[in-house]
Amino acid sequence: MSSEMPQPANSRKTLLVDTNVWVDYYLGHRPGSTAAFKLLECANAHDCTLAYAATSVKDLFFLLANDYKVAYRKTHGGELTQSAAQAATAAAWAAVDHLNEIAAAVCCDQSDIWMARKQRPLHNDFEDDLVIAAAMRAKALCLVTNDEQLLRHCPVAALDVPDAITLVEGLA
């Protein structure tokens with residue numbers, strides 16, 4: 001089995017979307033939610049391929065399930081029932097299933113770990129460095145993130161969500 005991501009017919013239109021943007025997309029109460037929705041609608045309208053680092057999906061799952069549990073506790077006096085915990089887990093699984101329907105996972109192998117380690121002097125965040133390696137592997141047009149530190153230190157083209165929307169709208 002090859003570790004290369006299958007390239008779309010027009011790989012110059014691949015957007016590697018960071019975990020924080022996916023969290024905004026799936027949690028409508030977050031400040032970046034509206035922009036994340038608009039990004040995905042715009043990418044779809046302009047026939048862009050959406051991608052995510054396979055290493056990030058576990059973080060997305062955890063963050064979503066945790067948010068659902070916290071929201072339940074806030075509205076139910078701090079107690080989390082077994083059924084509420086199961087519902088939170090089921091909702092996180094549903095989001096992961098949906099993610100796999102609308103975006104392509106960019107796999108990770110030893111070469112990505114090597115590439116992530118090479119990013120350390122520039123950007124000393126291993127999780128983000130794996131996302132950078134995924135963007136490189138996918139030959140993404142850009143990495144879309146709301147992480148200010150990553151935007152400042154990213155060695156590949158990286159844009160925040162509003163700038164990525166502008167870029168996609170300008171694609172022919």
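Using only side-chain charges placed at the Cβ, +1 for Lys and Arg and -1 for Asp and Glu, the dipole size of the range 17-142 relative to its Cα centre rounds to 200 debye.
Taking Cα atoms only, the orientation of helix 57-75 departs from the longest principal axis of the chain by about 30 degrees. Per-residue ellipticity at 222 nm from helix content only, as computed over the chain with -39500 (n - 2.57) for each DSSP H run of at least four residues, stands at -18000 deg cm²/dmol.
Sort T19, T166, T49 from largest to smallest accessible area, using a 1.4 Å probe on the heavy atoms of the protein chains.
So, going from the largest accessible area down, we get T166, T49, T19.
When the chain is described by a simple charge dipole with +1 on each Lys and Arg Cβ and -1 on each Asp and Glu Cβ, the residue from A133, G28, A45 located farthest towards its positive end is A133. Expressed as a whole percent, the accessible area of the chain that falls on carbon and sulfur atoms is 55 (1.4 Å probe). Sparsely packed loop sites in the range 6-107 (the GluC sites (Glu not before Pro) outside DSSP H, G, I, E and B with at most 12 other Cβ atoms within 10 Å) comprise E79.
Lys pairs in the range 1-146, Cα-Cα under 24 Å, at least 8 apart or on separate chains: how many? Please list the in-between numbers first.
Values: K13/K38; K13/K139; K38/K139; K58/K69; K58/K118; K58/K139; K118/K139.
Lysine pairs, 8 or more places apart or on different chains, close enough: 7.
Averaging Cα coordinates gives a centre for the range 145-170 and one for the range 73-110; these two points are 26 Å apart. Each 10 Å bin, from zero up to the one with the longest distance, holds this percent of the alpha carbon pairs of the chain: 10, 37, 34, 15, 4, 0.
Given contacts defined as C-alpha pairs under 8 Å and at least six residues apart, what's the relative contact order of the chain, whole-number percent?
On the way: 249 pairs, mean separation 56.1, N = 172.
The normalised contact order for the chain reaches 33 percent.
Computed from Cα atoms alone, the Kirkwood hydrodynamic radius reported for the range 119-172 is 11.5 Å.
Summarising the amide proton neighbourhood of T14: residues at separation of 5 or more, or on other chains, whose placed amide H is nearer than 5 Å comprise T49, L141. Taking the 0 to 90 degree range and rounding to the nearest ten, how far is the long axis of helix 110-119 tilted relative to the main principal axis of the chain, both from C-alpha atoms? Compared with the principal axis, the helix lies near 80 degrees.
The values are calculated or read from the model by the stated rules, or taken from the named source; none is laboratory data. Since the model is a prediction, treat every value here as computed from it, not as a measurement. Glycine gets a Cβ as well: all are built from the backbone with ideal geometry, and neighbour counts include every protein chain shown. To get the accessible areas, we keep the full protein, side chains included, count just its heavy atoms, and leave off ligands, DNA and RNA. Shrake-Rupley method; radii C 1.70, N 1.55, O 1.52, S 1.80 Å.
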